[in-house]
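Taking it in order: structure first as structure tokens, then the write-up.
The values are calculated or read from the model by the stated rules, or taken from the named source; none is laboratory data. Everything quoted here is computed from the prediction, not taken from an experiment. Don't worry about glycine lacking a Cβ; one is built from the backbone with ideal geometry, like all the others, and counts go over all protein chains shown.
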Amino acid sequence: MIIQWLILATAVIVLLYIGYASKKETAEIESNNKFLVGGNKVGVFVGALSVLATGYSGWGFIGSTGMAYQFGAIEILGNLLFAPAIMLGTFCGAKFLKNQNHKTIPEFLAESHPGSQNSKNLVRVFSAVVSVVLLLVYLTAQIRAIGMVAHAWLNISPLVANIIFMCIVAIITVQGGILAVARTDMIMCVGMVVSSLIIAFIIFKDMSLSEMVTGLASQNIQLVSPSDSHPYGGNKFSVYLIFCYAFLFTTSLPYMSSRFLSFQKDIKSHELILVMAPVALILSIVPFAGLYMRIKSPNLSNPDYAMSAFLNTYVPEQISGLITLFILFAMLSTVSSILHSVVSSLAYDVRKALNIPMTKNSFVNALAVIGVSVAGLALTTLSPTVMLNKVAIIGTGGLISMLAGPTLSHFLLPSNAWTAFVSMFTGISVNIVLSFFSNLGWVEIPVYSSLSGMVVYLVLSAVLRFNSAQRLDLQ
């Protein structure tokens, strides 16, 4: 146990140094610009791996493994669809957002849509406040995953583990802003790749793919040949909506798309994809650990414990500790990204929209990070236990539904601020209605809700353009 704590302490020192170095490097940059976009110093390699670390992390190693344990091979297909979608989303997001002179997505939505100052402020406040609420939901899933992994590794209670790691991530986030977040993401992503390869080696050294299929089929044929896409959707082809979901996830979520705003202005989108492609493919291997554990230990009390059980049972202790460390800090990278986005909304967008003086930014940012961290810990402790991926999709799916319309449709047929607001309100409203009053699958709801917001945006934009053209003709 002492070895685990020494490994943890060493890693924490390294990450804190990255935060300090990032802060020092951007010392001459205005505080909000430094915290929110890192002075646009995020390059190709750091940017590409940062996106992947944030996109996979707790979902890829804990949630996805638990999903494979519970629902079988459908999760493997889902992961394979996620990889190209996140690369396409990065290509498009970097292409359209990296040269924007905005610091946050709510600011981009408000300033890229013409209208009165009141309508712009409405767009900004609405998108920022709803983002805070839904990101807090997603934050609880990440914190819970951290507690589960740390509990098994360090033999401490999940609550104590959560408090320790939230303190670490809060310090890193406050110190270096998005630049520190991106650089720690990069290191963790390298660790995730190494961990994925080790996991795959251990699994397939012990069991061939055909043996895995036979073992799963002997338990339940649905695990290898599902008749539908449960829990993602009600028919066999609904799983392919994961591609749409992952694309929207990458281009619409504030903590993903904010990466693109922090990229260096001269980054080439295709260079990002060249770095991401092999890494994403390797990370897609991880859910096989869930299938392996389903055969080896079919009676786990909680499917989300599949990865921890695998590491503690089938991986040598020293290697298991290293992999656990990378998984923990990969999840911390996502938590820091969420913290950064929530704080950006509270300490920048809401203040600016309400004309609150932008003074003492560093102090306000630090205070907001502490407040959000405490709120996340409280919600995690009080909320009921639900599968991590379900909680994650509730939070991210609602955000996608709200933001996809004005974010993506703007590049097809630009409109004004009121159109953006109506599109956002439609998307989140449809998501809520479908969540409570339909039996649609986990990814069907956000994809259909996003589509409704996009359709409303495009229709209103077309109508406004038609009316403007008519008035010009009459003149």
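Would you please name the residue that is surrounded by the most Cβ atoms within 10 Å (Cβ to Cβ), looking only at residues in segment 183-209 that are among the small types (Gly, Ala, Ser) and modelled with pLDDT of 90 or more?
Within segment 183-209, the subset among the small types (Gly, Ala, Ser) is 191, 195-196, 200, 208.
Imposing the further condition that a residue be modelled with pLDDT of 90 or more reduces the set to 196, 200, 208.
Values: Ser196: 24, Ala200: 15, Ser208: 11.
Among those that are among the small types (Gly, Ala, Ser) and modelled with pLDDT of 90 or more, it is Ser196.
Checked against (1) surrounded by fewer than 24 Cβ atoms within 10 Å (Cβ to Cβ); (2) in contact with a strand residue (DSSP E or B) (Cβ under 8 Å, 6 or more places away or on another chain), Val130 passes all but condition (2).
In the set (1) out of contact with any Asp or Glu (no Cβ under 6 Å at 6 or more places or on another chain); (2) closer than 18 Å to Asp185 by Cβ; (3) small (Gly, Ala, Ser), the condition left unmet by Ala85 is number (2). Selection of helices (runs of 4 or more DSSP H) fully inside segment 193-266 by the criterion of at least 1 residues being out of contact with any helix residue (DSSP H, G or I) (no Cβ under 7 Å at 6 or more places or on another chain) returns 209-219.
All of Gly39, Gly66, Gly60 fail the test of being in a helix (DSSP H, G or I) and at pLDDT 85 or above, apart from Gly66. Quick check: is even one residue across segment 144-151 under 18 Å from the mean Cα position of the chain (by Cα) and at positive phi? No: zero hits.
Among the residues of segment 249-266, those identified as under 17 Å from Val181 (Cβ atoms) and of a type outside the set (Phe, Trp, Tyr) are Thr250, Leu253, Pro254, Met256, Ser257, Ser258, Arg259, Leu261, Ser262, Gln264.
Of the residues screened, Val239 is not one that is among the β-branched types (Val, Ile, Thr), surrounded by fewer than 17 Cβ atoms within 10 Å (Cβ to Cβ) and in contact (Cβ under 8 Å) with a residue 12 or more places away in the chain. If you check Val123, Val160, Val132 for being in contact (Cβ under 8 Å) with a residue 40 or more places away in the chain and either touching a Gly at 6+ places or on another chain (Cβ under 9 Å) or not in a helix (DSSP H, G or I) (or both), only one passes: Val123. Considering only residues in segment 416-441 that are modelled with pLDDT under 90 and outside any helix (DSSP H, G or I), the one that is surrounded by the most Cβ atoms within 10 Å (Cβ to Cβ) turns out to be Gly441.
Test Val315 against the stated conditions and say whether it is buried (at least 24 other Cβ atoms within 10 Å of the Cβ) and among the β-branched types (Val, Ile, Thr). It is false that Val315 is buried (at least 24 other Cβ atoms within 10 Å of the Cβ) and among the β-branched types (Val, Ile, Thr).
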